[in-house]
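Working notes, structure below.
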Amino acid sequence: MKAVLLALSLVANCLAVPVSASELPLATDLRTEAEQAERKGVPLIVLYSRRDCKYCETVRRDYLLPLTHQPRYRDRVIVRQINQDSDVALIDFQGEKSTQARLAGSEKIKLVPVVAFYGKNGRRLADPIVGAKLADFYQSYLDDAIEHSSAMLKKR
């Protein structure tokens, strides 16, 4: 019986993880994802990235993916990714059909990586983190932005 439960647990964990261990879930319906975050009282964090961006990979792998697993943040954030160079369809913050590239353009994303913090209806909760910044301080920038975003949600 223990072996069956262990096997089921492993399968469930595999299904909950994105396709690759180095990938974040792609944004598919920002309106719904932002509303879900709002109901939980947490910010929706979006990484704007490109497939050919080594700095984006560093931010994703070293900072954002760990947020989704660390007990300190696991239940305090929802993290998604939007690829600036992708025509994958998504629903924007207003519920309209768009693509990842068009949404990145409408958010005036020019250089990547950009980590943005959103509330309901796409309301910005904190200044975005643009670029990879200094590795020694990046976690601090991220922690500060998450704390500020959480405080903004509590003020509503």
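Each reported figure results from applying straightforward, stated rules to the coordinates on display, with no laboratory input. As the structure is a prediction and not an experimental result, all values here were calculated from the model. We place every Cβ from the backbone using ideal geometry, glycine too, and count neighbours over all the protein chains shown.
Compute the angle between helix 30-40 and the longest alpha-carbon principal axis of the chain, please, reported from 0 to 90 degrees and rounded to the nearest 10. For 30-40 against the chain, the angle is about 70 degrees. Computing FRET efficiency as 1/(1 + (r/R0)^6) for residue 151 and residue 130, where r is the C-beta to C-beta distance and R0 is 22 Å, gives about 0.55.
At q = 0.13, 0.21 Å⁻¹, work out log10 I(q)/I(0) for the chain with the Debye formula, treating every Cα as an identical point scatterer and leaving solvent out; two decimals please. With one equal scatterer per Cα and no solvent, log10 I(q)/I(0) is -0.60, -1.44. Out of every Cα-Cα pair in segment 100-156, what percent are more than 19 Å apart? Roughly 35 percent, once rounded to a whole number.
Using 1/(1 + (r/R0)^6) with R0 = 35 angstrom and r between the beta carbons of residue 141 and residue 89, what's the FRET efficiency to the nearest 0.05?
Details: r = 31 Å, r/R0 = 0.90.
So the FRET efficiency works out to roughly 0.65.
Straight-line reach from residue 155: which lysines have a Cα under 18 Å away, not including same-chain ones fewer than 8 places off? Straight-distance partners of residue 155: 40, 120. Sites listed here are GluC sites (Glu not before Pro) in segment 53-136 whose DSSP assignment is loop and whose Cβ has at most 15 other Cβ atoms within 10 Å: 96.
Helical runs (DSSP H, four residues minimum) scored at -39500 (n - 2.57) apiece and divided by the length of the chain put the mean residue ellipticity at 222 nm at -12000 deg cm²/dmol. Karplus-based coupling profile of segment 50-61, in residue order and whole Hz: 9, 4, 9, 9, 5, 5, 4, 4, 4, 4, 4, 5, with θ = phi - 60° in 6.51 cos²θ - 1.76 cosθ + 1.60 and x standing for Gly or Pro. About the centre of its Cα atoms, the chain shows a dipole size close to 320 debye [charges on the beta carbon of Lys, Arg (+1) and Asp, Glu (-1) only; nearest 20 debye].
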